[in-house]
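Computed from the coordinates by the stated procedures, all read-outs in this text should not be read as laboratory data. Since the structure is predicted, the reported quantities are computational estimates derived from the model, not experimental observations. With ideal geometry, Cβ positions are generated from the backbone for all residues, glycine too; neighbour counts draw on all protein chains shown.
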Amino acid sequence: MKLSSTLVFSLGALLLSQAAQAQFAKPEDAVKYRKNALFVMQQHYARIGAMTAGRVPFDAKVAQDNAETALFMAKLPWAAFGEGTDKGDTKAKAEIWKEMDKFKDGSDKMVAEMQKLVAATRTGNLDNVKASFTAASGTCKSCHDAYREK
């Protein structure tokens, strides 16, 4: 019985961990998924931005929690840029699907900068967080400039 429970739990955990490789029933489901993942990421990222801009007091623990959530969310939307998801309620430019390797490279750079942001928040030093936040923001901007409609 214990082995069966462990196997079922392990299988369930494996299936849940495959969220980034989710299969979508319809292209519009993928668009909603990626938009929502990006929205949640931005909300947590913006909280760190408010601290780096001095709009709210710096709290290292809050910054770290938000950076970790933003990093987790940053890994999710890219699987939802599949075939047929270039239409509908999206600001994604057609260039994404023409330059998928370049787009993927940009998303990888953003995730790498988000990992550095998490590390910076763990130092508890606002100057480190500001520097890392600025670098991560640059990756977001370059992708938006190239691949997002205004």
Quick count over segment 103-149, residues being among the charged types (D, E, K, R) and free of Cβ contacts under 8 Å to residues at least 40 places away in the same chain, is 9
- Kindly establish whether residue 51 is exposed (fewer than 15 other Cβ atoms within 10 Å of the Cβ) and of a type in the set (A, V, I, L, M, F, W, C). no
Selection from segment 85-139 of residues hydroxyl-bearing (Ser, Thr, Tyr), exposed (fewer than 15 other Cβ atoms within 10 Å of the Cβ) and within 23 Å of residue 149 (Cα to Cα) yields 134
When every residue in segment 56-94 that is touching a strand residue (DSSP E or B) at 6+ places or on another chain (Cβ under 8 Å) and touching a residue at least 40 places away in the same chain (Cβ under 8 Å) is compared, the one farthest from residue 132 (Cα to Cα) is 85
Residues of segment 42-55 being under 22 Å from residue 149 (Cα atoms) and free of Cβ contacts under 8 Å to residues at least 60 places away in the same chain, in sequence order, are 42, 43, 46
